[in-house]
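Enquirer: My structure is below; once you've seen it, I'll send some questions.
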Amino acid sequence: MPESVEVYLGDSAEIPCQYNFTDVNSVPRLVMIQWFVKAEGSSIRIRIYYGDDKDTMVDQNTEYSGRIQVTLDQQGSRLSIQEVQLSDEREFFCVVNGLAAGSMESRTHLKVFAPPEAPVISGVQNGISVTHEMPSKVATCEARNGFPKPNITWYRNNMPLVPAAGRVNVWTDDTSESSGLYSVQSTLEYKVHKEDKDANFSCEVSFFVPGAIRTVESNSVSVTIHYPTTMVELWRESPQGLVKEGDTVELRCHGDGNPPPTFIFSREQEPNEDLEGRGSVLMLQAVSRKDSGIYQCRPLDTNTRHKVKGEMQLTVHYLDPAVMVPKESEAMFKGEDLTATCNALSSLKTSTIWYKDGKMVGQGNTLHLQDATYETAGEYVCEVTVPSLPTLHTSGSVHIVVHGGPQLVGEEQEVQLEEAMGRMVNLSCEARGHPAPSITWIFVGSHRWHEVVSKSSDHMTRSVVSVAIESDISALCNASNDMGADVRAFSVKAIPLVTSSAPFSPAEGSGVIIVVIILCLLLLAILGSVLYFLHKKGKIPCGRSGKQDISKEKTTKDDIVVEMKTEAKSEDTVLLKAVNGDKNGPSEQ
């Protein structure tokens, strides 16, 4: 008989029993075979089968009644057990009795196997701190309903964990179920380190099967590892680029601890004064240059607060308002020189450009005005910018006033005009100077004039008068202020209109001409009708041979003669006294 027979729970098992005789010449006519089983938990044997050449019998009232079959042949016997149970794992005996040839027996141990269910692993939900001195519970693994009892092995990142004092502990509990199967539960305790934050733990169950050992691995689990902060980094989240006064600055702090710590913010200048941060963020609203400095963040952990920190330098750039020299306004005389400066204190390199009337007139902090003229007067604006930070800019201005006597606009000393008599003509006079000059007019040859435009500003006065042309006119425009005077002469030659000997108005002359034209047209129409009538009566033969002379009565009419008379008046008047002396207004002329 084989030493053992292995079979899965619920399958059929076959146990062979072979025998022979040493003396083939003395083989007995009757051989008896009996099968026995060892009683559970006892040394007593219970017969379950008897057979010989004539009779075979399965013993009744045993746990194998109805579940076994025995076959006999010339070489021995074979016991078949149906639907093997866990209780069938025991020794089975085969006894052969050859009467005079003697008797012998042998035994076979029947082994029953039931694979367990797949292992189920469960990791701890709460975090495990690396500061714990002893191993901490990491996970449990359970394999249920196996036979014989299965075995559990632990792995970290697919490497087996061997129990070691102070590092790895494995506790195993096994339970015998009512079915007779075994359930095994194993607990892993492990001394975690920071490096275990990404580690995977798994368990493997190994168990026997007929003729082999098999294993089944569980899923892997990771656990949350708590470890203190050993490195802190502080940086500026926004704004990007350079920081200027008025910006909102966001500083962010990050540490390598788990769970992520809350941070305390401070400045190196005031190390004992905490700033109001929110978790890992510090917001600085509307920063100024006073906010420049080294900022620090420390984790809110009594064990590490004074050991690790993050820090960074914050520089808040600024540009002060422009300072002008001279300030606001400055007076100068014609021909003088002036130097104006524009400066603005800044933390960065600046660029200064000067403008007048929207046009660039200079670059740099200094503007030189030389040999001043009235064109020099006006408002000068300096704009200061920071090329590396364009949003920083400021400006200042200075108003330049140029003092001097009047200067008439234009180069003509005398303006000569021609205009028809009876018309109105506008004479314009514009003068520069400071104080603003006053303009007076003197006319010779006309008493009908009035001023239609009068404008004055700091450096300019303009006057326009409308004059009736009644004869040749001479006029003087006199521009004067406390510093001098300038004069321009106007000469208007009156062109007389053409007139007839008899006095008539232009409207009447036009009417006479129209009447004459209409009478001529009527005479032409009457003459054409008469010629057509004579032709019909035969009074006027047509053809080359019958050509006749037609005498036409000459009508003499007086010619219309228009006589144009030109009257010119010349008046000699001395104007110098009026220019530099009396100044008469329109009411006095």
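The values are calculated or read from the model by the stated rules, or taken from the named source; none is laboratory data. In this text, all values refer to a predicted model and were calculated from it rather than measured experimentally. Heads up, the Cβs are rebuilt from the backbone with ideal geometry, glycines too, and the neighbour counts pull from every protein chain shown.
Enquirer: I'd like the full set of residues that are in contact (Cβ under 8 Å) with a residue 60 or more places away in the chain and either in a loop (DSSP other than H, G, I, E, B) or buried (at least 18 other Cβ atoms within 10 Å of the Cβ) (or both), limited to region 349-393.
Expert: Within region 349-393, TYR374, ALA377, CYS382, VAL384, VAL386, SER388, LEU389, THR391, LEU392 qualify.
Enquirer: Look through VAL95, VAL70, VAL7, VAL112 and report the one residue that is among the aliphatic types (A, V, I, L, M), under 30 Å from VAL205 (Cβ atoms) and out of contact with any helix residue (DSSP H, G or I) (no Cβ under 7 Å at 6 or more places or on another chain).
Expert: VAL7
Enquirer: Give the residue, chosen from ASP274, ASP247, ASP174, ASP198, that is over 19 Å from GLN125 (Cα atoms) and not assigned by TED's automatic domain parsing to the domain that holds GLY310.
Expert: The conditions single out ASP174.
Enquirer: Going through region 463-489 one residue at a time, which ones are touching a residue at least 40 places away in the same chain (Cβ under 8 Å), farther than 21 Å from PRO406 by Cβ and assigned to a strand (DSSP E or B)?
Expert: Matches in region 463-489: SER466, VAL467, ALA468.
Enquirer: Quick one: would you say LEU284 is closer than 24 Å to GLY241 by Cα, surrounded by 17 or more Cβ atoms within 10 Å (Cβ to Cβ) and in contact (Cβ under 8 Å) with a residue 24 or more places away in the chain?
Expert: Taking the combined requirement at face value, the residue satisfies it.
Enquirer: Also: Just to verify a result, which residue in region 3-23, among those that are more than 23 Å from LYS54 (Cβ to Cβ) and surrounded by fewer than 11 Cβ atoms within 10 Å (Cβ to Cβ), is farthest from the chain's Cα centre (by Cα)?
Expert: Step by step, filter region 3-23, then rank; the result is ASP23.
Enquirer: The conditions are (1) in contact with a Phe, Trp or Tyr (Cβ under 9 Å, 6 or more places away or on another chain); (2) over 25 Å from VAL112 (Cβ atoms); (3) touching a residue at least 40 places away in the same chain (Cβ under 8 Å), and MET57 fails exactly one of them. Which is it?
Expert: (3)
Enquirer: Restricting attention to region 435-462, which residues are among the polar types (S, T, N, Q), over 58 Å from the mean Cα position of the chain (by Cα), buried (at least 17 other Cβ atoms within 10 Å of the Cβ) and part of a strand (DSSP E or B)?
Expert: Of everything in region 435-462, those that are among the polar types (S, T, N, Q), over 58 Å from the mean Cα position of the chain (by Cα), buried (at least 17 other Cβ atoms within 10 Å of the Cβ) and part of a strand (DSSP E or B) turn out to be SER438, THR440.
Enquirer: Moving on to the next point. Starting from region 421-440, keep only residues that are within 27 Å of ALA372 (Cβ to Cβ) and in the same structural domain as GLY484 (by TED's automatic domain parsing), then list their pairs with residues that are of a type in the set (Phe, Trp, Tyr) and crowded, with 18+ Cβ neighbours inside 10 Å whose Cβ atoms are within a distance under 6 Å, requiring at least 6 positions of separation or different chains.
Expert: ARG432/TYR374
Enquirer: Restricting attention to region 4-35, which residues are out of contact with any strand residue (DSSP E or B) (no Cβ under 8 Å at 6 or more places or on another chain), of a type outside the set (Ser, Thr, Tyr) and part of a loop (DSSP other than H, G, I, E, B)?
Expert: Within region 4-35, GLY10, ASP11, ASN20, PHE21, ASP23, VAL27, PRO28, ARG29, LEU30 qualify.
Enquirer: Can you tell me how many residues within region 320-364 are more than 37 Å from the chain's Cα centre (by Cα) and of a type outside the set (Val, Ile, Thr)?
Expert: The total comes to 19.
Enquirer: So in region 322-348, with the set limited to residues that are in a strand (DSSP E or B) and touching a helix residue (DSSP H, G or I) at 6+ places or on another chain (Cβ under 9 Å), which one is surrounded by the most Cβ atoms within 10 Å (Cβ to Cβ)?
Expert: Filtering first and then ranking leaves MET332.
Enquirer: Grab the strands (runs of 3 or more DSSP E) fully contained in region 85-200, keeping just those with 2 or more residues being modelled with pLDDT of 95 or more and among the aromatic types (Phe, Trp, Tyr).
Expert: 91-97, 151-156, 182-190
Enquirer: Condition first: under 24 Å from SER346 (Cβ atoms) and surrounded by fewer than 16 Cβ atoms within 10 Å (Cβ to Cβ). Now tell me which residues in region 228-241 satisfy that.
Expert: SER238, PRO239, GLN240, GLY241
Enquirer: Looking at this structure, is LYS244 under 30 Å from VAL384 (Cβ atoms), charged (D, E, K, R) and either surrounded by fewer than 17 Cβ atoms within 10 Å (Cβ to Cβ) or within 34 Å of the chain's Cα centre (by Cα) (or both)?
Expert: Yes: the conditions hold for LYS244.
Enquirer: Condition (residue is closer than 20 Å to GLY10 by Cα, surrounded by 11 or more Cβ atoms within 10 Å (Cβ to Cβ) and aromatic (Phe, Trp, Tyr)) applied to region 30-41: is it met by at least one residue?
Expert: Within region 30-41, not a single residue is closer than 20 Å to GLY10 by Cα, surrounded by 11 or more Cβ atoms within 10 Å (Cβ to Cβ) and aromatic (Phe, Trp, Tyr).
Enquirer: Any chance region 304-311 includes a residue that's assigned to a strand (DSSP E or B) and at pLDDT below 95?
Expert: Yes, that holds for at least one residue.
Enquirer: Moving to a separate point now. Return the only residue of ILE439, ILE469 being hydrophobic (A, V, I, L, M, F, W, C), at pLDDT below 90 and under 27 Å from LEU408 (Cβ atoms).
Expert: ILE469
Enquirer: To continue, here is another question. For residues in region 120-137 being touching a Lys or Arg at 6+ places or on another chain (Cβ under 9 Å) and not charged (D, E, K, R), which is surrounded by the fewest Cβ atoms within 10 Å (Cβ to Cβ)?
Expert: Taking the candidates together, the pick is MET134.
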